[in-house]
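The values are calculated or read from the model by the stated rules, or taken from the named source; none is laboratory data. All of these numbers come straight from a predicted model, not from anything done at the bench. All Cβ positions, even for glycine, are placed from backbone atoms using ideal geometry, and neighbour counts span all protein chains on display.
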Amino acid sequence: MLKQKDYTAVFDASPDAMLVVDADGVIRDLNRQAVTMFGWSREELEGTEVERLIPAASRGEHRRHRRRYGEAPEPRPMGEGLELEALRKDGTTIPVEISLSPSQLSPGREHVICAVRDISPWRRMRRLSGMMVAAAEQERKHLSRELHDEFLQNLVALKIRVKLLADEKDDGERESARARIAEDIRGTIVGVKRMIRGLLPPELDHGGLSSALGSAFRDIEDVYGFTVHASMDRVGGELDEAATLALYRIVQEALGNAVRHAGVSEATVTFKSSNGTVTATIRDEGCGFELPDAERLPGDGCIGLAGMRERAALVGGTVVVQTSPGRGTTVQATVPVRSAGVPGGSKNR
C-alpha cells in the first residue's frame, strides 16, 4: 500500500502542473511543475486565490464558473475544446488545458485537484500545420498558372505552327518555320527546367548551397530583370542537409518577396559563419511594409513570413525581419550547422 510520501512523490513527478484548491478557491498545495510553469514560488501561491493564475479580464467570469462547479462538482477531463489561458508571474499568458477532479482530502472538506497542461507546443504545431496546408495550396495555384499561362499556351502555339508547316510549299519559309519551332521547343524546355529547379533544386545535391543559390539568382535575373549581389565562395559547405535546404528556401522566399513587393530591381545577400551557425542576410532598399504580428495565422497575408520563421525553427534556427514603410527590408536567417533533431547531422553530398 502506498504511503503518504509515495503520493507526494507521484504528485511532484507529474509532468503537468498540479494544484489542490479548496471550496473557497484557495490554493492549498501545488507541485514543482506548477512552480516552474507559473514562475511564482510555492510560498507565493499557497493560501492565495486560484484566480491569481487567471488573466485579470477573465477573473470575474472564472469565479462565477468556479462557484457553479462547486455546487455540482464532477470530473472534467482535458481536451474538451475550451480555449483557456493562464497567467504567469512575469505577466505573460500561456494557452492551457485543465482537468478537474473533486476529492475529499480531509474530513468534511471538499477540494478540487486541478491538472494544468501547457499546450503552447500543440498550438504551435496546429498553426504550422495550417500554414503548410495554405502554402501547399498557394503553390498548387502557382503551378497551375505557370502551366496554363506559359507551357499550355506554348504547346498550343507549337501545334498550330506544325500544322502550318505541313501546308507550307515554299522551301525557304518552311525552313524558317522549322527554326522558329525549334526555338520555341528550346524555350519551353528551359522553362520546364526552371520550374523543376524551383520545386527541388538538383544543385543542392550536386553542387551544394553555393551552386543552388547561384543558379536561383541567375534565374531571378533572367526572368524578372532583378539583380542579386552576393558573395557565394564556399557558402554553406559545413551545413548538414536539413539546414542547407532550410536556408536555401528562406533566401529564395525572401528574394521572391523583394521581387514581387519591394519596388526595386536589386537586393544584396551576404553570409556569415560563426560559432556553429550560418547567417544569411537579405537586404533590399525598397518600399518596406508594416510588419505583421508574428502570431497571425495563415491566410491573413503573412504566409511567406510565417513560413520562413517556421522553416528556420524546425532546424533550430531563427528568422528576424526588420522593415517599415519607406525604409527597405532586411531578413536575417540564422541556422545551426548541425540542425536540431538530426542525429549526427548528415552532410551535403
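Tabulated data for the structure shown
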item	result
Cβ-Cβ under 9 Å pairs, at least 6 apart or on other chains, the range 279-297 side outside any strand (DSSP E or B), far side modelled with pLDDT of 75 or more and acidic (D, E)	E285/E266
Qualifying helices (runs of 4 or more DSSP H) (wholly inside the range 1-75; at least 2 residues being under 18 Å from L87 (Cβ atoms) and either assigned by TED's automatic domain parsing to the domain that holds C114 or out of contact with any strand residue (DSSP E or B) (no Cβ under 7 Å at 6 or more places or on another chain) (or both))	32-38, 42-45, 59-71
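Residues are listed down the side, and each one gets a yes or a no for (1) under 30 Å from A243 (Cα atoms); (2) at pLDDT 85 or above:
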residue: R161; (1), (2): no, no
residue: D171; (1), (2): no, no
residue: I196; (1), (2): yes, no
residue: L200; (1), (2): yes, no
residue: L213; (1), (2): yes, yes
